[in-house]
Amino acid sequence: MLGNLDRLEAESIHIIREAAAQLGKPVMLYSIGKDSSVMLHLAMKAFYPARPPFPLMHVDTTWKFREMIEFRDQRAREMGFDLIVHVNQDGVRQGINPFVHGSAVHTDVMKTQGLKQALDKYGFDAAFGGARRDEEKSRAKERVFSFRSANHRWDPKNQRPELWNLYNGRVSQGESIRVFPLSNWTELDVWLYIRRENIPVVPLYFAAPRPVVQRGGAWLMADDDRLQLAPGERIEERWVRFRTLGCWPLTGAVESRAETLDEIIHEMLVSRSSERQGRLIDHDQAGSMERKKQEGYF
Amino acid sequence: MSTATQIAATLDALQHKGLLRLLTCGSVDDGKSTLIGRLLHDSGALADDQLATLEKESRRTMPQGGLDFSLLLDGLEAEREQGITIDVAYRYFNTAKRTFIVADTPGHEQYTRNMITGASSAEVALLLVDARKGLLTQTRRHAFLVNLTGIKDVVLVVNKMDMVGHDQAVFAAIRDNFAAYAAEIGLPRVLAIPVSALGGDNVVNRSATMTWYDGPTLLEYLESVQVAPYGAASGLRLPVQTVIRPNQDFRGYAGTIAAGVARVGMSVAVEPGGRTSRIKQILLGDRAVDAAETGRAVTIALEDEVDVSRGEVIADSQSRPPVSDQFTVHMVAMSEQALMPGRPYLVQIGTRQVGAQITHIKHKINVNTLEHTAAKRLELNDVGVCNIGFDRAVPFETYADNRNMGGFIVIDRISNQTVGCGMIVHPLRRADNIHWQSVIVDKGARAALKHQKPCVLWFTGLSGAGKSTVANLVEKRLAAMGRHTYLLDGDNIRHGLNRDLGFTDEDRVENIRRVAEVAKLFVDAGMIVLSAFISPFRAERRLAREMLAEDEFIEIHVDASLETCQGRDPKGLYAKARQGKLVHFTGIDSPYEPPEHPELHLDADHELAESLADRIIQYLVERKYLE
């Protein structure tokens, strides 16, 4: 009988192959984080020795950690994949800034609207995302093949029933499917799999001395000179690492000395906080994730 | 041993843990969410911030104090507002021994479809009973559905034992009662456990009060139960998902092994068709292996150049899967749109999509009483036994033998929604014995004699739009040109071939199916067929279209407004319908779905019948239907 990781791996590969076979023009959303790295690794396995029959796309908010962008470009070069980078130029022109406009507006304009623009521009009818059901309550009910209307809306009350390993990917013109191959993975599964398969991840996941400032109860990293210090705030160097990666002004670091993969997994096993706690976006209001997802957020 | 080595050893062990998929069913009142919450809490799966949120939210829902574990599970906002679980929610937790995926499903009868969905991927079911209430209709329904979906291991969780004074006799009565019912429906393995989810008795920790119970706690059971994967012992079944061809030298067939073991060198057959070869190579990702077991996602290369496509099954040549296109199945309706015999659907089975029609609903099963009743359609949440026909023969196994080879979903062709699911009970022998009569004089030969290209002019539109009038004019002109035609008219057909049919939606579907079959025979005879029926549903018109070759079906929308038709009312039908003397009348109390892309769209409000007929003749000439 197959073990947990083997069963999850097989299920994800099945899902990726099914989406590629059923839909005309898929794209894999690559967000550079650990989940994306696992998803990409699974896609490479699914079609080996051929290349995955779809490009990768990163919706860049222009506020990602610099190390993430370096890692992205380096991986793209090494693996020789097609990488589309999309930036919402309207948002750039409006000068959208998470410090000024807040996390909700920033995320909506640069991420959600940016993603919709990119999907429309290239005419993709399927987009793979690395979201997991254990991350958040409203994700727990989302389908593996999640239907989106022509204007990218998710209707949680009208989802296609999903049985056995059968996924219904039929869409009409303009409609699309968001595909979540890692639906059934937990954070622990992701790390154990990264360990087993030697999958490279962004160094920000490992503890190192980094320049941080205490703000809103979290450690914020001063990733570039766009950080404006409030009176009384000061940048100090601390040993920190990140459990999730996103836009640096919206992602809190945790204090840690875990420098190796085994150490961070061990720290996670004994830690008592969930991974999305560091994400400022989820805490806006109860049910905020569900509302964002209905509007097209991943 | 150093700390680093110790950590590495711990993580190595975690990497090899097993996985168990659970289904929980029972209603909110039985304390289902509380039970799962308790399981997560006592096994240490909740993080501090999740606990803090839970404590904060619990103060609102349970002002008297305590933790409201149900808050952890009811995800969607609407559900939180209504205080019920509507959809299937998935939860994840792990212990030192195993990791668990929990499909939490709603208990009410109107959520049968959600329960079936959750059950389809579960290996073990937890059935909750409130000790104060004992077995309810609901418990029997859940047991029936669990059995229907092929779950073999069931735990009867007798909850709220604290409310009955932890009384052993109460527990024993419920346990024995259920055992009798389980035997009646054929559930193979049932374990009953007395628990109190609220107090935590026998969930993770052993009860201090119910010392008379000497079986395992719920978690002990879940950590130790051995579930055999479906089909592990049968011959190899690999439904092909996609063909991998990076270059001329490699052709691999990728898919997930649905049963058996694949081994290099093994002799295989590709079904349907039975072409044979041997396995040359098995890839697990980028790693070549000698063998791969059930459940693995693999890519297989064969020794010979046999052409295999998506949807076909690579099987052990010594034990091949049966192939058929007619089945008796259990079906569950999962959409507001009822499942109807004769309506054209798509079925997805394995990695294949085929056209399908329900040919006969044998009966509907009352999921509460198990009574069989006659039915003409299956409404949302109905479970029935039906005969179904596919437009192609497919390799399969019965659902009892293999879920992945015997379960299918039913998709509506217009909305693309998943409207139902089916589980194969057995194939119908009939399919094996009907073979198409091959003929020497064929359609082309017959048409050539008549100097015309056979086709169907399919007139559709509201009653009174002028379909028959225009069709009659067209036929008259064609006859004058020496062409061979036949007119199928709604009223005439209903007096003869279809006189057993009424005007309900089911009967309308069957009416059009028969007309389409007759039209097809006439086309085969080389004729130009004119059919004039309201044919209000897109799905049925599409069925007719798909029965014919691409250029043989000419859809003509005779488009007149409802006002025009009511004004004409040549047969006085609108008047009757308005008075309620006629029900199911298109345009009044039954919908008309206009064609989206008809070959010809005729404006019958403003143009005369003669000029509309001219346009049709012109179309036939231009497209070279008439030599």
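The values are calculated or read from the model by the stated rules, or taken from the named source; none is laboratory data. A quick note: this is a predicted structure, and the numbers were derived from the prediction, not measured. Here the Cβ is made from the backbone with ideal geometry for all residues, glycine too, and neighbour counts use every protein chain on show. Accessible surface areas use protein heavy atoms only, side chains included; no ligands, DNA or RNA. Shrake-Rupley method; radii C 1.70, N 1.55, O 1.52, S 1.80 Å.
Please state the charge dipole magnitude for the range B:323-428, taken about the Cα centre, from unit charges on C-beta atoms (+1 on K and R, -1 on D and E), reported in debye and rounded to the nearest 20. Spell out each step's value before the answer.
Values: 9 positive and 9 negative charges, 35 e Å.
Charge dipole, the range B:323-428, about its Cα centre: 160 debye, nearest 20.
Mind checking the dipole of the protein assembly as shown: about its Cα centre, +1 per Lys or Arg Cβ, -1 per Asp or Glu Cβ, Debye to the nearest 20? It would help to have the intermediate numbers written out before the result.
On the way: 112 positive and 120 negative charges, 211 e Å.
Result for the protein assembly as shown is approximately 1020 debye, rounded to the nearest 20.
Enumerate the lysines that B:Lys280 could reach by cross-link, defined here as Cα to Cα under 27 Å, with residues fewer than 8 away along the same chain left out.
A:Lys45
Give the B-A buried accessible area in Å², both sides summed, 1.4 Å probe, nearest 100. The partial results should precede the final answer.
Working: alone 29250 and 14350 Å², together 37280 Å².
Chain pair B/A: roughly 6300 Å² of buried accessible area.
Looking at the protein assembly as shown from every direction and averaging, what is the projected area of its Cα convex hull in nm²?
Dividing the Cα hull surface by four gives the mean projection, 45.7 nm².
Find the accessible area per residue for the range B:237-316; the probe is 1.4 Å, ligands and nucleic acids are left out, and the unit is Å². Walk me through the numbers on the way to the answer.
Details: 3160 Å² over 80 residues.
Counting only protein heavy atoms, the per-residue value for the range B:237-316 is 39 Å².
Measuring from the lowest to the highest alpha carbon on each principal axis, how far does the range B:87-164 reach, largest first, in angstroms?
Rounded to whole Å, the extents work out to 33, 30, 23 Å.
Which order do the peptides B:131-142, B:189-200 take when ranked by the mean count of other beta-carbon atoms within 10 Å per residue, highest first? Please list the in-between numbers first.
On the way: B:131-142: 18.8, B:189-200: 21.2.
The densest-packed peptide leads the list: B:189-200, B:131-142.
Among B:Met161, B:Thr369, B:Gly18, which residue has its Cα furthest toward the positive end of the charge dipole of the protein assembly as shown, with +1 on Lys/Arg Cβ and -1 on Asp/Glu Cβ?
The one lying farthest along the dipole's positive direction is B:Thr369.
If you take the charge dipole of chain B about its Cα centre, with +1 on Lys and Arg Cβ and -1 on Asp and Glu Cβ, which of B:Val204, B:Met334, B:His360 is farthest toward its positive end?
B:His360
Using only alpha carbon pairs under 8 Å that are at least six residues apart, calculate the relative contact order of chain B and give it in whole percent. Each step should come with its number before you reach the end.
Values: 1261 pairs, mean separation 54.8, N = 627.
Reported relative contact order: 9 percent.
Could you sort the residues of the range B:399-426 by number and keep only those whose accessible area is reduced by 50 Å² or more in the all-protein-chain setting relative to the chain alone, 1.4 Å probe?
B:Ile409, B:Asn416, B:Gln417, B:Thr418
Expressed as a whole percentage, what fraction of the accessible surface of the protein assembly as shown belongs to carbon and sulfur atoms when a 1.4 Å probe is rolled over the protein heavy atoms?
Values: 18520 of 37280 Å².
Roughly 50 percent, rounded to a whole number.
By how many degrees, between 0 and 90 and to the nearest 10, does the Cα long axis of helix A:4-22 differ from the longest principal axis of chain A?
For A:4-22 against chain A, the angle is about 60 degrees.
Enter the accessible area per residue of the range B:327-457 (Å², integer; probe 1.4 Å; all protein chains in place). Display every interim value, and only then the final one.
Details: 5370 Å² over 131 residues.
In whole numbers, the range B:327-457 has 41 Å² accessible per residue.
Excluding same-chain pairs closer than 8 in sequence, count the lysine pairs in the range B:3-224 whose Cα atoms lie under 27 Å apart.
Lysine pairs satisfying the spacing and distance rule in the range B:3-224 number 13.
Relative contact order for the range B:237-316: what percent, with Cα pairs under 8 Å and sequence separation of 6 or more? Walk me through the numbers on the way to the answer.
Numbers: 194 pairs, mean separation 31.1, N = 80.
Taking the mean separation of contacting Cα pairs over the length of the range B:237-316, I get 39 percent.
Please average, across the residues of B:4-17, the number of beta carbons from any other chain that are within 10 Å of each residue's own beta carbon, and give a whole number. It would help to have the intermediate numbers written out before the result.
Details: counts 4, 1, 2, 7, 6, 0, 4, 10, 4, 0, 10, 9, 6, 6.
Average per residue, whole number: 5.
Viscosity 1.002 mPa s, temperature 20 °C: Stokes-Einstein D of the range B:237-316 from its Kirkwood Cα radius, in µm² per second?
Working: Rh = 12.1 Å.
The Stokes-Einstein estimate is 177 µm²/s.
Can you give the convex hull volume per residue for the Cα atoms of the range B:3-224, as a whole number of Å³?
Numbers: hull volume 30.7 nm³, N = 222.
Convex hull volume per residue, Cα atoms: 139 Å³.
Where only protein heavy atoms count, and the probe is 1.4 Å, what is the accessible area per residue for the range B:3-224 in Å²? Let's see the in-between values first.
On the way: 8260 Å² over 222 residues.
Normalised by residue count, the accessible surface of the range B:3-224 is 37 Å².
Any chance you could list P(r) for the range B:323-428, counting all Cα-Cα pairs in 10 angstrom bins from zero, rounded to whole %?
Values per bin, smallest distances first: 17, 53, 28, 2.
Taking beta carbons within 10 Å but only from partner chains, what does the mean come to for residues A:164-174?
6
Among the lysines, select those whose C-alpha is under 24 Å from the C-alpha of A:Lys116, and discard any that sit fewer than 8 residues away in the same chain.
Filter leaves A:Lys25, A:Lys34, A:Lys64, A:Lys137, A:Lys141, A:Lys157, A:Lys292, A:Lys293.
Which of B:Gly265, B:Gln281, B:Ala254 sits farthest toward the positive end of the charge dipole of the range B:237-316, with +1 on the Cβ of Lys and Arg and -1 on the Cβ of Asp and Glu?
B:Ala254
Take the alpha carbon atoms of chain A, find their radius of gyration, then divide it by 2.2 N^0.38 Å using N residues; give the quotient.
Values: Rg = 18.8 Å, N = 298, 2.2 N^0.38 = 19.2 Å.
Compactness ratio reported: 0.98.
If each Cα of the range B:500-617 is one equal point scatterer, what is log10 of I(q)/I(0) from the Debye formula at q = 0.18 Å⁻¹?
Taking Cα atoms of the range B:500-617 as identical point scatterers yields -1.11.
Could you work out the per residue convex hull volume over the alpha carbons of chain B, in cubic angstrom? Spell out each step's value before the answer.
Values: hull volume 144.7 nm³, N = 627.
It comes to 231 Å³ per residue, whole-number rounded.
Determine ³J(HN,Hα), in whole Hz, for all residues of the range B:58-68 in sequence, where each value follows from phi through the Karplus function 6.51 cos²θ - 1.76 cosθ + 1.60 and θ = phi - 60°; x replaces Gly and Pro.
5, 4, 6, 8, 10, x, 6, x, x, 9, 8
Across the residues of B:90-101, average count of Cβ atoms on other protein chains within 10 Å? Please report the intermediate quantities before stating the final value.
On the way: counts 8, 4, 10, 2, 4, 0, 0, 0, 2, 9, 1, 8.
Taking the mean over all residues of the peptide, I get 4.
Counting other Cβ atoms within 10 Å, which GluC sites (Glu not before Pro) in the range B:263-322 have at most 11 and lie in a DSSP loop?
Numbers: sites: B:Glu293, B:Glu303, B:Glu305, B:Glu312; in loops: B:Glu293, B:Glu303, B:Glu305, B:Glu312.
Listed in order of number, the matching sites are B:Glu305.
Among the trypsin sites (Lys or Arg not before Pro) in the range A:106-154, which ones are in a DSSP loop with at most 13 other Cβ atoms within 10 Å of the Cβ? Mind listing them?
Details: sites: A:Lys111, A:Lys116, A:Lys121, A:Arg132, A:Arg133, A:Lys137, A:Arg139, A:Lys141, A:Arg143, A:Arg148, A:Arg153; in loops: A:Arg132, A:Lys137, A:Arg143, A:Arg153.
Sparse-neighbourhood loop trypsin sites (Lys or Arg not before Pro): A:Arg153.
Reachable lysines from B:Lys576, Cα under 18 Å, same-chain residues fewer than 8 places away excluded?
Qualifying lysines at Cα under 18 Å: none.
Just how large is the dipole of the range B:502-627 about the Cα centre, in debye to the nearest 20, putting +1 at every Lys and Arg Cβ and -1 at every Asp and Glu Cβ? Spell out each step's value before the answer.
Numbers: 16 positive and 26 negative charges, 107 e Å.
Around 520 debye, computed over the range B:502-627.
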